[in-house]
Amino acid sequence: MRKTLAAVIGAISMTAALGGASLAAASARPAVSGTEHLQLMITSATSKTSSLIGTGVFTAGGTATNTSSSTATAKFPNGTFVITHSKGTGTQSLNPKTCLLKANLTGTYTLGSGTGAYANLSGSGTYQLSILAVGAKSGGTCSKTLPPPTFQQVIHASGPVSLH
């Protein structure tokens, strides 16, 4: 499925959900609490799935997939959990001459509904989403119907987590 430039801008907050999720698989341990730092990266405007790395209390690599406009599912080798996030607020701009798209949003998230090693996961925090993309041109102007052929999105998120 291809997204238009306008749809990409509109989906920024949906993708931000991915910033809200990441913990490493936990083995059977007593409750652990602390700060988790998360980073997500995606290089396609048409993908719903991001690479996901969590560090801090736990360390793991996996994926996060958007399941709606305000939720995503994080998947790691030892379980999954749901990220629910706010729409996010911030700035976005499109240079009409170069078709350079920039977006910077911040928002909040919560973690829950875990399975496997994340069955008793809870947490929340804030995220910062940054997008840099070069939109497609059509007839010498920035296309509003074609997805950007060059797209980079990075999400940094952090907050307290507890895993029992």
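Things worth noting here:
- For the stretch 127-164, the set of residues classified as closer than 30 Å to G112 by Cα and in contact with a helix residue (DSSP H, G or I) (Cβ under 8 Å, 6 or more places away or on another chain) consists of Y127, Q128, L129, I131, F151, Q153, I155, H156, A157, L163, listed by residue number.
- Pairing each residue of the stretch 69-97 that is more than 22 Å from G135 (Cβ to Cβ) and among the aromatic types (F, W, Y) with any residue that is part of a strand (DSSP E or B) and modelled with pLDDT under 95, provided the two are 6+ apart or on different chains, yields C-beta distances under 8 Å for F76/A60; F81/L111; F81/G112; F81/L121.
- All conditions in (1) over 21 Å from T49 (Cα atoms); (2) under 21 Å from the mean Cα position of the chain (by Cα) hold for S143, with the sole exception of (2).
Okay, residues lined up against (1) of a type in the set (S, T, Y); (2) open to solvent by less than 40 Å² (accessible area, probe 1.4 Å); (3) within 11 Å of the chain's Cα centre (by Cα):
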{"residue": "T63", "(1), (2), (3)": "yes, no, yes"}
{"residue": "A72", "(1), (2), (3)": "no, yes, yes"}
{"residue": "K75", "(1), (2), (3)": "no, no, no"}
{"residue": "N78", "(1), (2), (3)": "no, no, no"}
{"residue": "I83", "(1), (2), (3)": "no, yes, yes"}
{"residue": "T89", "(1), (2), (3)": "yes, no, no"}
{"residue": "Q92", "(1), (2), (3)": "no, no, no"}
{"residue": "K97", "(1), (2), (3)": "no, no, no"}
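- When we screen T110, T126, T145, T141 for residues that are free of Cβ contacts under 8 Å to residues at least 40 places away in the same chain and either farther than 24 Å from A45 by Cα or surrounded by fewer than 23 Cβ atoms within 10 Å (Cβ to Cβ) (or both), the only hit is T126.
The values are calculated or read from the model by the stated rules, or taken from the named source; none is laboratory data. Computed from a predicted model, the values in this text were never measured in an experiment. Neighbour counts run over all protein chains shown; Cβ positions are idealised from the backbone, glycine included. In case anyone asks, the SASA skips ligands and DNA or RNA and just uses the protein heavy atoms, side chains included. Shrake-Rupley method; radii C 1.70, N 1.55, O 1.52, S 1.80 Å.
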